[in-house]
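Report on the structure given below.
The values are calculated or read from the model by the stated rules, or taken from the named source; none is laboratory data. If you're wondering where the values come from, they're calculated on a predicted model, not measured in any experiment. When we count neighbours, we look across all protein chains shown, and the Cβ atoms used for this are built from the backbone with ideal geometry, even at glycine.
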């Protein structure tokens, strides 16, 4: 007998409660779709449809389950109940039928693969529940064929964010759609400007989580939707970059996302000891539901956004983009604000755009010094590995088939040297434990609080990373020497 998942008991309790109150509840949407596809999941969201009074029912059910009630859309009649279960809460979304019957409701949804329903009680208690599946538009057949079809012709016009959802389902579920869907999306693309930034963000980041984000972004570009979503990128279309690059600015950025997809798929292009640490690092979320890998890919997409405005052609034909990283860091602020990212996320993306050239400079050094490694991570801290991943995707997208394998190998060696320092030698090179604090420095040197104290502590830390200072006594001796050099006088 197949073991039931932990959420089954919760949904059975909901079904029995609704039965006692003679309330018909239907399981619908993505949760049901994924069950039919056999996709293993611990749901964070379960959609339930009810003929009427969804808000009132949700309030009562929230009290019964000791969950939290959240009104989603009072006018449309939808609410959410958040219930702690296991390691993550389960969200039950209740919504009123979009029509008089469940069949009519299903025909008004987005795609046929999401337009199926089954009575909740039947799903909970009947092993043969699939025989009771309500499927007016042939969604089950479309699932089997991995085909994405709309439920009605004006689906994208009614809710333009469904354009992004179409691409999300395509990359998440390995589906495809026909030309009629593409034409309808293209006709409605301009209406994406009417969609709230939070909804755009959630769908875009769901795409960025996948290993086909580059493909989806390129398809959105061809559809004309990328210019609406990210108008800052359009300026890079057709901007040639000279002989070192084989693509224009926009296509280069899209290709860099493709390369990032490959790098992050399983990190197999890196040495074996680095793979799991890199995966754990990229899986970590600064905000729940948005892992670090999505921020890296967003920064990759925009890393050269400052190039069109800084492009200069010299008399000899050489093309330069001096300062494009600083200009890009300014432009990206409007993007992160539009997507309603948190301040921490925005700071990370901005720093990645600003510093994306630094690893390249280090890669050309004949040998990486401990000081260079320390200064890189001192300035970027935990964003350092993300910056290295961005740079490597950028590097692989730059010359394409014209890349020299000897250069790639040499630069990969520098890349992994920096990553190994972060993951395996943090206390030795990246963040050495502090030997002395500011109070000790002031006491021994007879100094008052001020900027010079921080400068001395930073110099001590850098000397530690180089292996020149190993004890408190050596740290204070160095501080005395540095103070004497800067002032020309001896300390107390």
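The number of residues in region 463-487 being part of a helix (DSSP H, G or I), without any contact (Cβ under 8 Å) to a residue 24 or more places away in the chain and within 15 Å of residue 430 (Cα to Cα) comes to 1.
Somewhere in region 399-411, is a residue assigned to a loop (DSSP other than H, G, I, E, B), in contact with a strand residue (DSSP E or B) (Cβ under 6 Å, 6 or more places away or on another chain) and in the same structural domain as residue 283 (by TED's automatic domain parsing)? The answer is no; no qualifying residue exists. Checked against the criterion of being crowded, with 19+ Cβ neighbours inside 10 Å, more than 26 Å from residue 250 (Cα to Cα) and touching a residue at least 40 places away in the same chain (Cβ under 8 Å), region 376-390 has at least one qualifying residue. Kindly establish whether residue 435 is surrounded by 18 or more Cβ atoms within 10 Å (Cβ to Cβ) and outside any helix (DSSP H, G or I). Taking the combined requirement at face value, the residue satisfies it.
Condition test on residue 143, is it touching a helix residue (DSSP H, G or I) at 6+ places or on another chain (Cβ under 9 Å) and closer than 21 Å to residue 300 by Cα? Please lay out each step first, then the result.
Details: touching a helix residue (DSSP H, G or I) at 6+ places or on another chain (Cβ under 9 Å): yes; closer than 21 Å to residue 300 by Cα: no.
For residue 143, the condition - touching a helix residue (DSSP H, G or I) at 6+ places or on another chain (Cβ under 9 Å) and closer than 21 Å to residue 300 by Cα - is not met.
Is there a residue being crowded, with 16+ Cβ neighbours inside 10 Å and under 18 Å from residue 251 (Cα atoms) anywhere in region 280-295? No, every residue in region 280-295 fails to be crowded, with 16+ Cβ neighbours inside 10 Å and under 18 Å from residue 251 (Cα atoms). If we keep just the residues of region 235-248 that are crowded, with 17+ Cβ neighbours inside 10 Å and either at pLDDT below 90 or assigned by TED's automatic domain parsing to the domain that holds residue 320 (or both), which is nearest to residue 222 (Cα to Cα)? So the residue we want is 247.
Scan region 453-473 for residues that are more than 22 Å from residue 373 (Cα to Cα) and surrounded by fewer than 18 Cβ atoms within 10 Å (Cβ to Cβ) and jot them down. Explain how you work it out, then say what you get.
Kept after step one, since they are more than 22 Å from residue 373 (Cα to Cα), are these residues of region 453-473: 453, 472-473.
Scanning region 453-473 gives 472, 473.
Residue selection: residue 53 satisfies the criterion of being exposed (fewer than 15 other Cβ atoms within 10 Å of the Cβ) and at positive phi. When residue 138 is tested against (1) closer than 26 Å to residue 345 by Cα; (2) assigned by TED's automatic domain parsing to the domain that holds residue 108, just one condition goes unmet, and that condition is (1). Can you work out which of the residues in region 85-107 that are within 26 Å of the chain's Cα centre (by Cα) and closer than 24 Å to residue 198 by Cα is surrounded by the fewest Cβ atoms within 10 Å (Cβ to Cβ)? Step by step, filter region 85-107, then rank; the result is 88. Considering (1) under 15 Å from the mean Cα position of the chain (by Cα); (2) farther than 18 Å from residue 351 by Cα; (3) modelled with pLDDT of 95 or more, the lone condition that residue 288 does not fulfil carries the number (3).
Filter region 32-43 down to the residues that are in contact with a strand residue (DSSP E or B) (Cβ under 8 Å, 6 or more places away or on another chain) and either at positive phi or loosely packed, with under 14 Cβ neighbours inside 10 Å (or both) and list them by number. Full working, then the answer.
We begin by selecting, within region 32-43, every residue in contact with a strand residue (DSSP E or B) (Cβ under 8 Å, 6 or more places away or on another chain); these are 32, 42-43.
Correct list: 42 only.
Of the residues screened, residue 319 is one that is at pLDDT below 95 and not assigned by TED's automatic domain parsing to the domain that holds residue 198.
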